[in-house]
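Please read the structure below before turning to the comments.
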Amino acid sequence: MLRGMSELISEARDRGWFRSSREVFVARAPARLDVMGGIADYSGSHVLEMPLDRGVLVGCGRRSDDKLRVLSFEAEKEGLKPRVEMSLSDLFDRSGSPRSYDELRKLFSRDPLARWAGYVLGAFPVLIHEGIVKEFPCGADVAVRSDVPMGVGIASSAALEVASMFAIAACFGIELEPIRIARLCQIVENRIVGAPCGIMDQITSALGEKDKLIPILCQPDKLLEPIEIPDFIRFVGVSSKAKRSTAGEAYTETRTATFMGLTIIIRRFNPPINGYLCNISPQEFRSKFAPALPLRMKGEEFLRIYGDTVDTVTRVDPRKTYRVRSCAEHPIYENHRVKRFIGIMRGLSRFDTAREARSELIKAGRLMYASHWSYKYRAGLGSREVDLIVKKARELGVERGIY
């Protein structure tokens with residue numbers, strides 16, 4: 001578990017941070033375990049999440065000048081710059097207008113070893129761009145401590161964004177509801193960092209509750225009634241040590257292909273789906289829409305026929321070939337699986353032991369195995385390391401309590 005808030009402030013002061021601050025505001029946000037739903041969130045799927053006991057602490061204190069400085073106690077271990085500094089004036093152009101999101105993304109990404117700071121300091125321009133504040137009266141020192149492994153699929157970036165946004169908002173007296181915090185943090189990741197993520201990670205980090213599953217309908221961010229986890233089951237995340245990132249090439253290609261499929265369906269059929277693939281049933285997709293989608297399609301061909309996609313955060317690369325049908329198919333089937341899984345989880349309250357609930361737990365486990373298969377073969381993601389973990393889980397099996 002993380003060391004406390006006072007230790008964060010003390011160690012940061014030892015390194016020259018918070019010297020001019022009378023008060024330091026500290027916030028914590030947890031990482032999350034994606035139980036089911038995964039990358040289907042940006043297609044309007046139901047997803048099922050839960051917070052982990054790992055998290056990120058962020059402290060923020062005002063400065064007497066306009067500097068924005070951020071210190072990470074873990075960045076150096078990852079080969080990154082532990083200290084990043086800029087000025088509030090860097091967020092504005094020569095005319096005094098806020099820089100565009102495209103300009104800000106370039107600003108924060110110009111040094112790859114300091115790019116991580118965009119997840120933290122990106123809160124400042126987003127709060128200005130989204131009309132929360134007109135300007136900040138002064139700069140700030142920000143310090144970060146985390147026990148969340150980076151890039152292993154448990155939303156380290158969302159925890160960092162959410163803790164930073166909470167701490168910065170508190171420091172400058174900005175009152176925001178947690179759901180608004182989550183939405184603003186998604187903008188940080190999409191528009192400042194340039195990672196085309198959905199919103200489930202930020203919602204879980206901002207609104208997660210201990211020992212509860214969080215069902216979310218991502219159209220765009222409707223929270224459903226939380227589910228108490230029965231005493232007789234546990235959800236366990238096993239780190240594969242395989243790095244992944246929502247800003248990575250594979251994730252971006254999958255999302256782009258998914259929106260290519262959605263765009264073709266909208267342009268050719270104009271179905272009443274409110275812009276979300278997951279409002280199509282598996283049966284309707286199989287019978288009506290799948291035959292209209294190419295298995296593979298070159299980007300330049302798609303752009304010539306359809307123009308760009310309806311997505312606002314990805315762009316079709318004319319040089320690449322995309323797996324359109326399978327990537328569009330994954331979220332539709334995943335949404336169907338998650339809804340069934342949620343129903344099973346809600347029904348477990350009528351049982352007192354795992355033995356009594358055995359048949360229902362087996363059904364739930366089969367849905368999770370199917371989700372893993374689809375993530376790999378339809379969405380084109382996953383890794384050999386995760387496949388090995390799933391293989392070992394199957395070998396241990398129900399008799400050893402692994403569903």
Check your understanding: In the list V58, V148, which residue meets the criterion of being touching a Lys or Arg at 6+ places or on another chain (Cβ under 7 Å) and either open to solvent by less than 30 Å² (accessible area, probe 1.4 Å) or within 30 Å of M345 (Cα to Cα) (or both)?
Key -> V148
Point to revise | Filter result (open to solvent by less than 20 Å² (accessible area, probe 1.4 Å) and either part of a loop (DSSP other than H, G, I, E, B) or not acidic (D, E) (or both)) within region 152-163 | key: A155, A158, A159, V162, A163
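Does I181 meet the test of being closer than 20 Å to V56 by Cα, open to solvent by 20 Å² or more (accessible area, probe 1.4 Å) and in a helix (DSSP H, G or I)? Before you say what the answer is, go through the steps one by one.
On the way: closer than 20 Å to V56 by Cα: yes; open to solvent by 20 Å² or more (accessible area, probe 1.4 Å): no; in a helix (DSSP H, G or I): yes.
Against the criterion (closer than 20 Å to V56 by Cα, open to solvent by 20 Å² or more (accessible area, probe 1.4 Å) and in a helix (DSSP H, G or I)), I181 does not qualify.
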Revision key, fill the gap. Within region 62-120, residues part of a helix (DSSP H, G or I), closer than 26 Å to S20 by Cβ, small (G, A, S) and in contact with a Gly (Cβ under 9 Å, 6 or more places away or on another chain) come out as G118
Exercise for review: Could you tell me which numbered condition D111 fails, if it satisfies all but one of (1) crowded, with 16+ Cβ neighbours inside 10 Å; (2) over 28 Å from P51 (Cα atoms)?
Suggested key: (1)
Exercise for review: Go through R286, R340, R296 for me and flag whichever is open to solvent by 40 Å² or more (accessible area, probe 1.4 Å), in contact with a strand residue (DSSP E or B) (Cβ under 6 Å, 6 or more places away or on another chain) and either over 30 Å from P226 (Cα atoms) or modelled with pLDDT of 95 or more (or both).
Suggested key: R296
Exercise for review: Determine which member of the set V313, V398, V386 is open to solvent by 20 Å² or more (accessible area, probe 1.4 Å), touching a helix residue (DSSP H, G or I) at 6+ places or on another chain (Cβ under 7 Å) and at pLDDT below 95.
Suggested key: V313
Review point. With F73, F18 as the choices, which residue is touching a helix residue (DSSP H, G or I) at 6+ places or on another chain (Cβ under 8 Å) and either open to solvent by 10 Å² or more (accessible area, probe 1.4 Å) or under 26 Å from G198 (Cα atoms) (or both)?
Key: F73
Check your understanding: So which of D317, D352 is closer than 29 Å to I192 by Cβ, in contact (Cβ under 8 Å) with a residue 40 or more places away in the chain and not in a helix (DSSP H, G or I)?
Key -> D317
Review point. Residue check: is E356 under 20 Å from T258 (Cα atoms), modelled with pLDDT of 95 or more and touching a Phe, Trp or Tyr at 6+ places or on another chain (Cβ under 9 Å)?
Key: no
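Taking E209 as the residue in question, decide whether it is among the acidic types (D, E), in a helix (DSSP H, G or I) and touching a residue at least 24 places away in the same chain (Cβ under 8 Å).
Values: among the acidic types (D, E): yes; in a helix (DSSP H, G or I): no; touching a residue at least 24 places away in the same chain (Cβ under 8 Å): yes.
Considered against the rule, which asks whether it is among the acidic types (D, E), in a helix (DSSP H, G or I) and touching a residue at least 24 places away in the same chain (Cβ under 8 Å), E209 comes out as no.
The values are calculated or read from the model by the stated rules, or taken from the named source; none is laboratory data. Remember, predicted model here, so these are calculated numbers, not experimental data. Cβ atoms come from the backbone with ideal geometry, glycine included; neighbour counts cover every protein chain shown. For accessibility, only protein heavy atoms count, side chains too; no ligands or nucleic acids. Shrake-Rupley method; radii C 1.70, N 1.55, O 1.52, S 1.80 Å.
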